[in-house]
1. Could you pull out every one of the lysines with an alpha carbon less than 17 Å from that of residue 199, ignoring same-chain neighbours closer than 8 positions?
2. What number, rounded to the nearest 500 deg cm²/dmol, is the helix-based mean residue ellipticity at 222 nm of the chain, given -39500 (n - 2.57) per DSSP H run of at least four residues and division by all its residues?
3. Given the options 239, 154, 301, identify the residue whose Cα lies farthest towards the positive end of the charge dipole of the chain (+1 on Cβ of Lys, Arg; -1 on Cβ of Asp, Glu).
4. Per 0.36 nm of contour for each residue apart, how much would the distance between residue 319 and residue 134 grow if the chain were fully extended, relative to their Cα-Cα spacing?
5. What dipole magnitude, in Debye to the nearest 20, does segment 37-111 give about its Cα centre under +1 on Lys/Arg Cβ and -1 on Asp/Glu Cβ?
6. For the chain, what is the charge dipole size about the Cα centre, in debye to the nearest 20, if Lys and Arg each add +1 at the Cβ and Asp and Glu each add -1 at the Cβ?
7. Express as a percent, rounded to the nearest 5, the fraction of DSSP beta bridges in segment 67-219 (both residues included) that run antiparallel.
8. Using only C-alpha positions, report the orientation-averaged shadow area of the convex hull of the chain, nm², one decimal.
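Read the figures in this text as sums done on the coordinates, not as results from a lab. Note that the structure is a prediction, hence the values are computed from the model and not measured. Using ideal geometry, Cβ is built from the backbone for each residue, glycine included, and neighbour counts are taken over all protein chains shown.
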Amino acid sequence: MKILCIGGTGVISTAVVDRALAHGYSVTILNRGSSTERPAASRAELVQADIRNPEEVRAALGNRTFDVVVDFVAFTPDHVATDIELFTGRTGQYVFISSASAYQKPPAALPIRESTPLRNPFWQYSREKIACEELLVAEYRERGFPVTIVRPSHTYDHTKIAIAGGWTDIARMRAGRPVLVHGDGTSLWTLTHSTDFAKAFVGLLGLPQAIGDSFTITSDEFLPWNRIYEIFAEAAGAPQPQLVHVASETIAAHLPDLGPQLLGDKSHSVIFDNTKVKTLVPDFVCTTPFFLGAREILAWYDADPSRQQVDSELDAGFDRIIEAAQF
């Protein structure tokens, strides 16, 4: 198969490109430039162009066609509309990366399935993804545009610390300082390693049964947030962490940058049913439990101290909230 990946050097896309190449597929990566954290795969063809500039993309690709086009950097209906214009008649499948945060929040029932309604009043990012889906579904129904929609949840690789403060929280734990956790820390969260995600994703590429349909792709492992913080402390060689629990709404009020994602996703328990994707990709099995993923993350950060950046403003904000919570 000939696959065009728009982006190709992000957390999800790097793993997808690597797995597609391992399957013997021909992969072309279209982006504005290489990533220092995740250099583009050497066996992939690299085409430099800005997807936000359609004329530049047309000039770069000419009249080429692809079996599959995957846009890893489409976030708004305008982005999707550009893709529809560029690739109608030029691909047998267009894959849109949506988000499991688009599912109903708070969820009325668990586990979350593809039939769960799409509604998120808390997070604009999720509402934009829903709008993208609606545009693509209409295009499929009215004109046969060959879309497949994929909804990942929290997918990580060796560079991504899956807690609110990132390295700031790791530094706090290693220093024996208290760490802020939203709610009471017992809500359940699903974390998926990017290489596991890629197994199901690449398995859907080129499948006629996937056209016009949507699929959740996540791990089947779910953990309470308290345990996630403890796993990071263990991987960091830190003492038992001092977890200070504060209402999500309070954190959002004091640290607005954390608010939308916290209220629109992470403060709700999420357990996903992956039966649908496993029906089409029966060999999809996640093999990286989170405790191993956390060790991989800490090893990457410890290999180069320049990666260990503490956000002083966020650190001070955590201190203010924790101090207020303790009195």
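1. The qualifying lysines are 276, 278.
2. -11000 deg cm²/dmol
3. Comparing the listed Cα positions along the dipole, 154 ranks first.
4. 62.4 nm
5. 220
6. 480
7. Within segment 67-219, antiparallel bridges account for around 5 percent of the total.
8. 16.5
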